[in-house]
Amino acid sequence: VLDTYDDSTGNKFHVKNGCQDLNGIQTLTVSRERLNITGGDTQRQKNCELIMEAILAKLKSTNTITNFGNVLSAIS
């Protein structure tokens with residue numbers, strides 16, 4: 001994703017290839033992108049699926065289970 005508008009700062013947001021950790025605004029920016037990627041809206045839908053799978057995988061980790069109160073606070 002290149003030259004995608006980053007809602008939090010108004011700056012351009014550049015995403016490198018590969019796995020990485022993103023904050024909430026960055027994740028939302030990637031999930032909404034469809035104009036600057038090959039595949040357009042279809043790829044946007046695939047990106048949303050991958051993001052949801054990654055979020056669910058993190059929620060299933062033992063670290064999340066032991067810090068469940070913090071997770072609930074963050075979600076609210």
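The values are calculated or read from the model by the stated rules, or taken from the named source; none is laboratory data. These numbers come from a predicted model, not from an experiment. Every residue, glycine among them, receives a Cβ derived from its backbone with ideal geometry; neighbour counts consider all protein chains shown. These accessible areas exclude ligands, DNA and RNA; they are computed on the full protein's heavy atoms, side chains included. Shrake-Rupley method; radii C 1.70, N 1.55, O 1.52, S 1.80 Å.
Express the carbon and sulfur contribution to the solvent-accessible surface of the range 24-76 as a percent, rounded to the nearest whole number, probe 1.4 angstrom.
59
Multiply the residue gap between R34 and I65 by 0.36 nm, knock off their C-alpha separation, and tell me the result in nm, one decimal place.
That pair, R34 and I65, stretches by 7.7 nm at full extension.
Quick one: putting +1 on the C-beta of Lys and Arg, -1 on the C-beta of Asp and Glu, what dipole do you get for the range 13-70 around its Cα centre, in Debye to the nearest 20?
Details: 7 positive and 5 negative charges, 4 e Å.
Its charge dipole is roughly 20 debye.
To the nearest 10 square angstrom, what accessible area does D21 show with a 1.4 Å probe?
Counting only protein heavy atoms, D21 exposes about 130 Å² to solvent.
May I ask for the equivalent-ellipsoid semi-axes of the range 27-76, computed as the square root of five times each C-alpha gyration tensor eigenvalue and listed largest first in whole Å?
Its equivalent ellipsoid spans semi-axes of 29, 11, 6 Å.
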